[in-house]
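Let me begin by presenting the structure, written as structure tokens, before commenting on it.
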Amino acid sequence: MNTTQRLTVIWLNLLALFLTACTTQPGEVARADRLAHPAGTSRSVTVEFSLQTAMRDGHIVYVGSGGGIEGVVNPDLVVQPGDVVRVILTNTDGMLHDLFIPDLGVRTSPVAKIGERAEMVFEASDAPPGSYAYYCTSPGHRQAGQEGQLIVAGSAP
């Protein structure tokens, strides 16, 4: 990414931050929108992923935190059909971020402050086996590299 692209991404983030009224306090978990918490899901979370926002080699990325994805940039998040999945997003750079899986219609709330967290919980039984892109919807972030794959492996129970 060249200097002009970096400045554009920074400018767009500052503009988005200015336009976003973010009331979540640092360390507080912002809940995802209603689509991420399916009505009637009383089952316990069976798989959890923690991702942090970061800049690496001039790219905006997600970095795995904990378990088998520790330190992995834009890790594949592998689940089984029927899993109840929690994804926790932590802001470590102070830019505006979220995490969106458009094919499943789930997203976190935006996080803008260092230490701010958001999460989404959804049931993987709503998705047939395959790969589903997840990415940040802040202007320019996906293009700058903040994108990974949720992989629903196996067959439904």
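FYI, it's all coordinate maths here, none of it is from the lab. Note that the coordinates shown come from a computational prediction; the quantities given were computed from them, not determined experimentally. Every residue, glycine among them, receives a Cβ derived from its backbone with ideal geometry; neighbour counts consider all protein chains shown.
At a glance:
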| item | result |
| --- | --- |
| Residues of the range 70-100 with amide N under 20 Å of the 7 Å Cα→Cβ point at Arg56 | 70-79, 87-100 |
| Length gained when the stretch Gln143-Glu70 is fully extended (0.36 nm per residue, less Cα-Cα span) | 23.9 nm |
